[in-house]
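Reading through the structure tokens given below for one structure.
Here, each number is a calculation from the coordinates, and none is a lab measurement. Everything quoted here is computed from the prediction, not taken from an experiment. Heads up, the Cβs are rebuilt from the backbone with ideal geometry, glycines too, and the neighbour counts pull from every protein chain shown.
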Amino acid sequence: MAIAAPQPMATSKAHTTCRICGSTDLYTYLNLGRLPLPNAYLEREQLDEPEFKEEVAIQLCLECGLSQLTRVVDPGRMFETYLYCSSVSAPFREHCAELASTAAKRVHLGPEDTVLDIASNDGCLLREFRRLGHQRVLGIEPAKNLAAAAEDEGLPTINAFWSTELAGVTLRKYKIITALNVLGHVDDLHDFVRGVSFCLAEDGVFVVEVPYVLDFLEQTEFDTAYHEHLTYFGIGQLARLMEMHGLEVEDIQYFHWLHGGTIRAYIGHAGRARTAVRSSFAVVNLPAYQKFALRVEHNKRELRSLLERQRDAGRTVWAYGASAKGTTLLNCIDANSSLVEAVIDDTPAKQGHFIPGAHIEIVGGIERLSPAVDLLLLLAWNFKEELMAKCRAADYHGRFIVPVPKAVIV
Ligand code: DWN
């Protein structure tokens, strides 16, 4: 096997002004310590090498209420090769099919119209527009491996990060522009949205999906905090960002089951729609954030002691879903293979690798689930129904540990 080259260490910088309103009045309410990059899965030969770790802490803008990381890691180091494939998750594929149909109907998408998907991953959404008969699609994807996979499937993809500069190059007006789970990953939000505003057709729609910060706080979803997630949005902040670039939120949909709670915003050029969701000035309730941080510490301790009790009782625990949030969760409780023996994941690119920081092996997909396993820790708890159904179908008779909102055995 080729020896993997030592990973170049990432770089990071302090984030000291609010990403939307520019205020420097920021209050840090959660600090998870120094964590590895969530998708930087390791080859066996890299286990003894030093790993990049950086603070994952969240600060609140006391001016506009936006939650955002205190440090920004170089996006090139995180996204130029990316092992997360959106299409592995059947529920997300189905979600993309619904979005494509809803968006196409909303703008009466015609054969001459083009759809642009920003951060198109492996083409999961573009594929659904094609299935509906819409041929003119284009993806923007910074990960070389994912862009190549989509291109090989006949889904045109530009291997780049989105920017106002790239918007100028594409020189086209798009009837539909989509950005699913992207805005939270972007450092320069104003450059990103300015580019969208430039490229969106006058009667076009910009469809954004982001995890909902209220669910993050109320469901104590601390494991979804990691280096890729720079920003945690509420509806008012999203509306304010769009208004700053001549756009407005026309409608909002909410999907409680998706990624721990997701908001979808349908955005158009200002003044086009009869009604709009106006930005609202946040009423910052500091005690709520302080209580959230205390719950996080409690839940971390509870999960660690639950796993220790299983180990001490001689039970075998594996995990299912080598997710980015799983990297945060396992590292926050200092877990290693003595607590969680192995992880299964149906993503071929992740199999045979090791979880960053925790160094637990991703042994393969559901077919590798050993009958000796007594409990499965669902690191992709956001897909728990799907994962449990797959395990039952694979004749698994053990129980499950659902770690969020708090560790329970089901
Ligand atoms: O924002 C992001 C979200 C949308 O996706 C990215 N920053 C990174 C990523 O986060 P994640 O890795 O926590 O997302 P998921 O979709 O919760 O990860 C699920 C993991 O579980 C994937 O590795 C795929 C795996 N899986 C599986 O093996 N079999 C998932 C399902 C549903 C399955 O049947």
Cα-Cα P(r), the chain, percent of pairs per 10 Å interval: 5, 22, 32, 26, 13, 2, 0
Simple label model, 7 Å out from Cα along Cβ direction - D203 to E243, nm: 2.8
For region 1-158, the fraction of alpha-carbon pairs in successive 5 Å shells from zero, as %: 2, 8, 13, 13, 13, 14, 14, 12, 7, 3, 0, 0
Lone cysteines, the chain (no partner Cβ under 4.7 Å): C85, C96, C124, C199, C332, C391
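With a sphere of radius 13 Å drawn around the Cβ of H245, what net charge do the other residues whose Cβ falls strictly inside it have (Lys, Arg +1; Asp, Glu -1)?
After counting each charged neighbour, the total is -2.
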Cut-off under 5 Å, modelled amide H: who pairs with I176 long-range: T114, L116, V205
Overall form of region 298-410 per C-alpha gyration tensor (a/c, 1.5; a/b vs b/c): rounded
In nm, spacing of pseudo-spin labels at T81 and T17 (7 Å Cα→C-beta vector): 3.6
Residue with peak Gaussian network fluctuation, the chain [Cα springs, cutoff 10 Å], from R274, R127, R392: R274
Summed residue charge, Cβ within 11 Å of A276's Cβ, Lys/Arg positive, Asp/Glu negative: -1
Average silhouette area of region 32-99, convex hull of alpha-carbon atoms, in square nanometres: 7.5
Exposure proxy ranking, count of Cβ atoms within 10 Å, fewest first, for E302, E209, E94: E94, E302, E209
Overall form of region 246-333 per C-alpha gyration tensor (a/c, 1.5; a/b vs b/c): prolate
Label-to-label distance, nm, for residues given as K173 and D334 (7 Å Cα→Cβ offset): 6.0
For E55, residues with placed amide H under 5 Å, excluding near neighbours: L35
Whole-Hz ³J(HN,Hα) from phi, Karplus 6.51 cos²θ - 1.76 cosθ + 1.60, for region 254-267, glycine and proline x: 10, 10, 5, 8, 8, 6, x, x, 10, 9, 10, 10, 9, 10
All lysines inside 18 Å of K144 as judged from Cα atoms, apart from same-chain residues fewer than 8 positions distant: K350
